[in-house]
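Comments concern the structure below.
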Amino acid sequence: MNTIFKEFIKGLWEELPPFRVLLGLCPTLAVTSTAENGLGMGAAVVFVLTMSNLIISALRKIIPAKVRIACFIVIAASLVVTVELLMQAYAYPLYQKLGIFVPLIVVNCLILGRAEAFASRNAILPSIADALGMGLGFMLSLTFLGGLREALGNGTVFGVPVMWETFKPASVMVMAPGAFVALGFILAGMNAFNRYQSRKKGGVEPVSQNSTCASCGACDSCK
């Protein structure tokens, strides 16, 4: 049980997908102009990631190694179609806002990365815990980034005004350049916080783990 809990919480900070290991940056930058968009995309990824990890872990011993990536993509694609149909039925306005990035979840490196690095190598319960932790971390990150950009660009969060009356929105924050600016400040803030925590404990300053190869476990250098 302790191992499962560790697999769950690692995705909430230590290996936070978009901000620590820089996975899934395409939707992170493209759809987070509002908090609602970030939450919707994050929720879709949580569903696809959790179900794909569960299925791949359950079938890991019978999926041929030579065609495993193709199998992973087929499983993810089937789940993404399910998400698309559900969003079209129950959240069509949000589906229209997210646009092409919903079907592109199929090739999201977070989905395929966790399938290859974890689900295909571990039992069902740890794989579900890994998926839920990574998925929730991804969803919270997108919602936070979307809320930040929306607040600075529109003065609202989830459509609710949060700024003072004389506040002048910076419209660039809800445009494409604003995504890179906001992401850069978040990464800088997290790295500064990590260094502060390390100095406070009297340890050595940690090396930045903002890398797509960080702790994936797929090769000997990561183990």
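The values are calculated or read from the model by the stated rules, or taken from the named source; none is laboratory data. Every value quoted in this text rests on a predicted model; they were computed, and no experiment measured them. No Cβ is skipped: glycine too gets one built from the backbone with ideal geometry, and neighbour counts run over all protein chains shown.
Observations on the structure shown:
- You will find that of Leu16, Leu23, Leu29, the residue that is assigned to a helix (DSSP H, G or I) and either among the aliphatic types (A, V, I, L, M) or touching a strand residue (DSSP E or B) at 6+ places or on another chain (Cβ under 9 Å) (or both) is Leu29 and no other.
- Restricting attention to the range 30-73, the residues that are under 11 Å from the mean Cα position of the chain (by Cα) and farther than 20 Å from Ala117 by Cβ total 6.
- Pairs with Cβ under 6 Å, 6+ apart, first in the range 111-122 and under 19 Å from Leu136 (Cβ atoms), second small (Gly, Ala, Ser) and not in a helix (DSSP H, G or I): Ala117/Gly217; Ala117/Ala218
- The condition of being free of Cβ contacts under 8 Å to residues at least 40 places away in the same chain, crowded, with 21+ Cβ neighbours inside 10 Å, in a helix (DSSP H, G or I) and of a type in the set (A, V, I, L, M) does not hold for Ala44.
- Candidates Leu86, Leu104, Leu125 - the one that is out of contact with any Gly (no Cβ under 9 Å at 6 or more places or on another chain), surrounded by fewer than 19 Cβ atoms within 10 Å (Cβ to Cβ), part of a helix (DSSP H, G or I) and modelled with pLDDT under 95: Leu104
- Test result for Val74, more than 30 Å from Ala170 (Cβ to Cβ), part of a helix (DSSP H, G or I), among the β-branched types (Val, Ile, Thr) and at pLDDT 95 or above: yes
- Condition met for Ala182 (closer than 19 Å to Ala35 by Cβ, out of contact with any Phe, Trp or Tyr (no Cβ under 9 Å at 6 or more places or on another chain) and at pLDDT 85 or above): yes
- In the range 143-158, the qualifying residues are those that are in contact (Cβ under 8 Å) with a residue 60 or more places away in the chain and hydrophobic (A, V, I, L, M, F, W, C), and the one that is farthest from Ala43 (Cα to Cα) is Val157.
- Selected residue (criterion: farthest from Pro177 (Cα to Cα)) from residues of the range 149-164 that are part of a helix (DSSP H, G or I) and touching a strand residue (DSSP E or B) at 6+ places or on another chain (Cβ under 8 Å): Ala151
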